Ligand code: PEP
């Protein structure tokens with residue numbers, strides 16, 4: 001079965017309410033003429049409600065950028081998976097490199113979130129990726145394996161099918177330095193191999209693996225045409241509807 005590519009915009013901690021609504025409206029409008037590709041936007045928590053109202057019933061899904069693993073309780077400042085479902089989220093980004101490296105999230109914490117997201121009916125977009133230092137030390141595939149094993153521990157095959165993996169080399173995020181299609185394909189191929197080893201070939205062929213890291217309309221098509229790249233997680237270029245849709249135009253379907 002062919003995998004449907006997923007192009008998701010990670011808006012990070014950007015925009016204000018009016019700009020978030022305007023961007024969502026522009027994406028929804030342009031997405032109306034797109035088929036064969038899945039789109040999602042991931043605004044900051046506080047704009048999930050207003051953006052959710054704009055994308056409801058459209059071809060654009062709603063995603064959050066993080067969540068906490070506990071279902072409820074005395075966890076000041078945190079947001080649960082069921083709260084995200086309540087706002088209409090389908091996806092939640094987990095283990096983004098900014099959360100790993102700036103906020104100190106570990107594979108173990110990410111794994112708890114992945115289980116909680118799946119239990120609530122969300123599809124987690126789980127990010128993995130090596131730093132420049134790790135790549136230069138020849139440790140890329142070892143790091144990817146470690147993050148795969150840690151962040152995605154204990155998932156049944158049925159659960160794994162609902163997960164999207166995002167390979168995001170840390171050195172390519174927000175830097176303008178994009179991985180070459182060959183560098184990205186190598187890691188995507190390795191991730192699919194890890195899935196086949198742990199589960200089976202059929203499941204490995206079904207799970208979507210996105211690439212993220214300075215994806216722009218100019219470099220999207222070449223990346224998205226690689227056999228094991230199933231979409232993109234887009235930061236900077238997702239803040240402009242035309243650029244985001246320019247990336248969507250490069251998707252294969
Ligand atoms: C990201 O934050 O997930 C990302 C890929 O950012 P950018 O596209 O800006 O590199």
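Couple of notes before you dig in:
- Members of region 97-142 found to be touching a strand residue (DSSP E or B) at 6+ places or on another chain (Cβ under 8 Å), part of a helix (DSSP H, G or I) and away from the ligand (no atom under 16 Å from the Cβ), listed by number: 113, 114, 117, 118
- Just so you know, in region 157-167 the residues that are in contact with a helix residue (DSSP H, G or I) (Cβ under 9 Å, 6 or more places away or on another chain) and surrounded by 23 or more Cβ atoms within 10 Å (Cβ to Cβ) include one that is farthest from residue 206 (Cα to Cα), and it is 167.
- Within region 98-129, tally of residues that are surrounded by 24 or more Cβ atoms within 10 Å (Cβ to Cβ) and either more than 29 Å from residue 56 (Cα to Cα) or touching a residue at least 60 places away in the same chain (Cβ under 8 Å) (or both): 4
- Residues of region 55-77 classified as within 28 Å of residue 25 (Cα to Cα) and assigned to a loop (DSSP other than H, G, I, E, B), total: 7
- Unmet requirement for residue 178, which otherwise passes all of (1) within 18 Å of the chain's Cα centre (by Cα); (2) part of a loop (DSSP other than H, G, I, E, B); (3) away from the ligand (no atom under 15 Å from the Cβ); (4) over 17 Å from residue 203 (Cα atoms): (3)
- Within region 204-240, considering residues that are assigned to a loop (DSSP other than H, G, I, E, B) and closer than 17 Å to residue 172 by Cα, the one farthest from the ligand (Cβ to nearest atom): 229
- Filter result (within 15 Å of the ligand (Cβ to nearest atom), part of a loop (DSSP other than H, G, I, E, B) and within 15 Å of the chain's Cα centre (by Cα)) within region 2-42: 11, 12
- Test: residue in region 196-203 that is in a helix (DSSP H, G or I), modelled with pLDDT of 95 or more, more than 9 Å from the ligand (Cβ to nearest atom) and surrounded by 21 or more Cβ atoms within 10 Å (Cβ to Cβ): no
The values are calculated or read from the model by the stated rules, or taken from the named source; none is laboratory data. Just so it is clear, the structure is predicted and the values come from calculations on it, not from any experiment. With ideal geometry, Cβ positions are generated from the backbone for all residues, glycine too; neighbour counts draw on all protein chains shown.
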